[in-house]
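A short write-up of the structure that comes next.
All of the numbers you see were taken from the coordinates with simple rules; none came from a lab. Computed from a predicted model, the values in this text were never measured in an experiment. Heads up, the Cβs are rebuilt from the backbone with ideal geometry, glycines too, and the neighbour counts pull from every protein chain shown.
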Amino acid sequence: MGAEHLTPAWAKPIEHPFYNTRRSRQHLRQAKPPTRREVVVIGAGLSGSAVAHSLALRGWQVTVIEQGTGVGAGASGLPVGLAAPHVSPDDSVLSRITRAGVRATLQRAQTLLTADTDWAPTGVLEHRVEGKRSLPAGPSWPDSAHEWSTPASAELIAAAGLPPGSPALWHGLAGWIRPRQLVSAQLQTPGIRVMWGQTAARVQIGPGHTEDGETTWQVLDPQGQELARASLVVLASAYDTHPLLQALCADGEKPPVPLNPLRGQISAGEMQALSASQRAQLPPFPVNGHGSFISGVPTLTGQAGWFIGSTFERQCVKAPVREEDNAANQQRLSTLLPHLGASLQDQFAPGQVQGWAGLRCTLPDRLPAVGPINPQRWPGLWMVSGMGARGISLAVMAGELCAAWLENEPLPLAPSLARHLMAERFSLQTAPAGSKRSL
């Protein structure tokens, strides 16, 4: 139930005949790319490293500014997560976008990471708790939901330790990834310079213009000293992007992109602490559907372990580890995999179970914001943020989308879907009547 399922979909090229270059930037005509191929990216997490990697591969000189002192200081420090498609009865925009995202992520992992150590295309079983997230009705077609996901067989359901007849889907084109390893590999691309331990407190339009008449952006530290400057700046620091956007606005004006904080905590334990009977009950593949359970991947201590999570706490801007969230994850495991949850009860004792928490950010429509924010008002200011809990599935594709727009290349997903990701969509929604451009 591994790699032999994967070749038909995620390993195929992301370019398709109907993604023609003439159309790829038709809705970004006022977002002219800079003449000098230099860019400053704020944030060295999944999103920032993905943008930096995609542009550096195309010959750009990339400066990344990161307030943390090393890889994985923020939400990208998650020990392990899943790249798996979203499914819906109507094959929604989100479902189609996640398939494009997972394909890009697994291709990137295959290129940069070590299989079975940093990632593995294991497939993922989705336990349809309370019957949610069914597949669309109707026939299959290339790259459709049915090519990526199927009703789980009785054998797979049994292997997961679920009762016979449990509602479940099998995502054969999915797997686990260690985000820190992906971020590190992407940042090692030639052409990328990372400024660690530097806080970008403000971005502003600098004095004058370049020799080509382009706007220059300055990135300033908390003392007002310039950290870097370029004609293109990409904000990719999750919820830390919010104060940068707010500082650009007039008093009383709302930020142009309505980012919201989302705290999440996972719980973990070491395999060596499990009894033989407990280890025998572990599923041989990840299971999601009410949180997710993954085993056999290194924990925070470096030992092979198991993971369950994550919690979801909105409007929380701090990410401490909380004992009550470990208890919530224990309940989550009992719902997702009841037999295993009962078996692992002793592993959730205080002081034995490990916890990790991080801060993500979301947008009201559950889709990330990618590309120019408001090219008329702030030419050269782009962003990649709002991934929510799907950063592993979407960040690589978002970086490729930025690069494709800037380089006028075929897009990594259909143009009709790319329009739903445009960061500019929020500015257009609030523009005065008669001034809106069509998406």
Restricted to Cα positions, what overall size does the stretch 203-266 have along the principal axes? Three whole-Å values, descending.
49, 30, 24
Taking the Cα centre of each part, how many Å lie between the stretch 71-116 and the stretch 315-352?
24
Can you give the angle from 0 to 90° between the axis of helix 391-407 and the longest principal axis of the chain, with both taken from C-alpha atoms, to the nearest 10?
30
How high is the relative contact order of the chain? Use alpha-carbon pairs under 8 Å, at least six apart in sequence, and give a whole percent.
24
Among rounded, prolate and oblate, which fits the stretch 359-407 when a ≥ b ≥ c are the square roots of the eigenvalues of its C-alpha gyration tensor, a/c under 1.5 means rounded, and a/b larger than b/c means prolate?
oblate
Two-site FRET efficiency, residue 376 against residue 221, from Cβ-Cβ distance with R₀ of 35 Å, rounded to 0.05
0.80
Tilt relative to the chain, helix 46-57 - C-alpha long axis, 0 to 90 degrees, to 10
60
For the stretch 411-417, take each phi angle, set θ = phi - 60°, evaluate the Karplus expression 6.51 cos²θ - 1.76 cosθ + 1.60, and give the result in whole Hz per residue in order, putting x for glycine and proline.
7, x, 7, 4, x, 5, 7
The long-range amide H neighbours of residue 174, using H built 1.01 Å from N in the peptide plane and a cut-off of under 5 Å, are 123, 124
In degrees between 0 and 90, to the nearest 10, how far off the longest principal axis of the chain does helix 323-336 point, with axes built from Cα atoms?
60
Against the 2.2 N^0.38 Å scaling, with N counting residues, where does the stretch 260-362 land? I'd like the Cα-based Rg ratio to two decimal places.
1.04
Label assignment, volume of the Cα convex hull per residue in Å³ derived from the structure, set [x] 149; [y] 209; [z] 230:
[x]
